[in-house]
Amino acid sequence: MTERNGLKAEVAGAGFAGLVAATTLAQQGWDVTLHERGEELRPLGAGIVLWNNSLEVLKAIGAYDSLLPHTMVPPFYETRIHNETMSLEDFDGLPWRTMTRKALHEALEEAARKAGVEILVNSEVVAADPSGTVTLASGEVRRADLVVGADGVTSNVRDSIGFEQERSRSKDGVTRLIVPRCKEELGGGDEWDNVIDFWNFEPRVLRVLYVPCNDDELYIALMAPIEDKEGSAVPINYEVWAESHPYLAPVLREAAKIENGRYDGYQTNVLKNWSNGKVVLVGDSAHAMCPALAQGAGTAMQNAYTMAMAVSKSHEDLPATLQAWETEEREITDRCQAKSAWYAETRNMSKGNQFTPE
Ligand code: FAD
Ligand code: 3HM
């Protein structure tokens, strides 16, 4: 049993950032309440790629082993233009894994409950104050030593305080779905175990990111410009997508059956500061980014973990500890954000070999 430190944290949002922050704080002796405005804990989106940073966080908080059997390491990350291979990357042994968001979320929820985090659903945080309070939709005001705004890109914690920020929206968006692998129907070869990023530019821009998550489930992201009404339609327009990517017909047919999908645009928000007094922002509330480098959740989990460790080691002057932590973490997150925005803007991802060891 961890020794308690007598400190209280209120965490807004049970996404990947909030679950990691809450679990780490509780494991370090904090009394933690995690507020989720939804009626259950559940991730948005479909599948996900994680790299070394977030995999290390999962190990550190004890969520890795239960997640592992539900994940996959595809042999290659392949990029094709008009179905011609541009690159086949194996990252020289650098750890990476694919999985469904559901599996990741469940492993994180299990770790949070084991750590003793109090999880409240149907509990929306409507405002926070740098002195260390949160106000709930019910009108209840709660006081804490630390308030964590992990409430995503539309963060109430952030906007009720008025953090200075610049926001931009991307020209493309995506419909993300989980479908059966259909490996045999696709032709059965080993290539269908790869992540394959299929880019078509002619006669229109339509991209399919094909991500096997385990033996049974395939994550597909169907990316089309926001201005392409047919390409961004939900349920997906089978004729349009199958004409562009005929070799993917079996999985596109499955995708077209899903009625409750969503087409989402991408946003980038760069904040002047990530904390104010006793309030700190982690994840998309602080640094939403384009998905090109697949590091939005990675940096969210990394920053949630390092923040929770920093405030646990040194909590005499929390605002100063939070500022010092931000100085440490900002550079890499800012670079991920900027690079991802550039890849999304230029579509240079299509040339392949985009993931460097850095
Ligand atoms: P969210 O996931 O948005 O979670 C916020 C939570 O807070 C939600 O549960 C929400 O219901 C809750 N909430 C919101 N407001 C309140 C409130 N006021 N009170 C209480 N609860 C509240 N990242 C990767 O690392 N790898 C990838 O492969 C990857 N692929 C991506 C592909 C696409 C197409 C996109 C768009 C993003 C991708 N990302 C990826 C980024 C990743 O999805 C996000 O960065 C990550 O989910 C952010 O986590 P979060 O916990 O900060 O926010
Ligand atoms: C995993 C992943 N997700 C999204 C993108 C993108 O939008 O460019 C790239 C990825 O490798």
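The values are calculated or read from the model by the stated rules, or taken from the named source; none is laboratory data. Note that this is a predicted model, so its numbers are computed, not measured. Heads up, the Cβs are rebuilt from the backbone with ideal geometry, glycines too, and the neighbour counts pull from every protein chain shown. Ligands, DNA and RNA are excluded from the accessible area calculation, which covers all protein heavy atoms including side chains. Shrake-Rupley method; radii C 1.70, N 1.55, O 1.52, S 1.80 Å.
Taking each of 59/278; 59/102; 8/278 in turn, the alpha-carbon distance tops 22 angstrom for 59/278. Our summary gives the chain a relative contact order of 22 percent, counting only alpha carbon pairs under 8 angstrom and 6 or more residues apart.
Of the accessible area of region 232-331, computed with a 1.4 Å probe over protein heavy atoms only, carbon and sulfur atoms account for 48 percent.
Label-to-label distance for residue 253 and residue 327 is 6.1 nm, based on points extended 7 Å past Cα in the beta-carbon direction.
The charge dipole of region 232-358, taken about its Cα centre with unit charges on the Cβ of Lys, Arg, Asp and Glu (plus for the first two, minus for the last two), comes to roughly 140 debye. Using the rule -39500 (n - 2.57) for each DSSP H run of four or more residues, divided by the residues of the chain, the 222 nm mean residue ellipticity is -9500 deg cm²/dmol. Note on the chain: GNM, Cα springs under 10 Å; of 267, 165, 302, the largest mean-square fluctuation is that of 165. Taking a point 7 Å from the Cα of residue 127 along the Cα-to-Cβ direction, the residues of region 138-171 with backbone N closer than 15 Å to it are 138-143, 156-163. Compared with the direct C-alpha span, the chain from residue 90 to residue 227 gains 45.9 nm at full extension, assuming 0.36 nm per residue. Residue 318 sits among other residues whose Cβ lies under 11 Å from its own Cβ, and their net charge, with Lys and Arg +1 and Asp and Glu -1, is -2. Rg/Rh for the chain (Cα atoms only, Rh after Kirkwood) is 0.98. Based on C-alpha pairs under 8 angstrom that are at least 6 apart in sequence, region 18-113 has a relative contact order of 39 percent.
Considering the options 52, 237, 125, tell which one lies farthest towards the positive end of the dipole of the chain, charges being +1 on Lys and Arg and -1 on Asp and Glu at the Cβ, about the Cα centre. The residue sitting most towards the positive pole is 125. Take the chain with all the other protein chains still there, run a 1.4 Å probe, and you get 44 Å² of accessible area per residue. If the segment from residue 118 to residue 2 were pulled out straight at 0.36 nm per residue, it would be longer than the present Cα-Cα gap by 40.2 nm.
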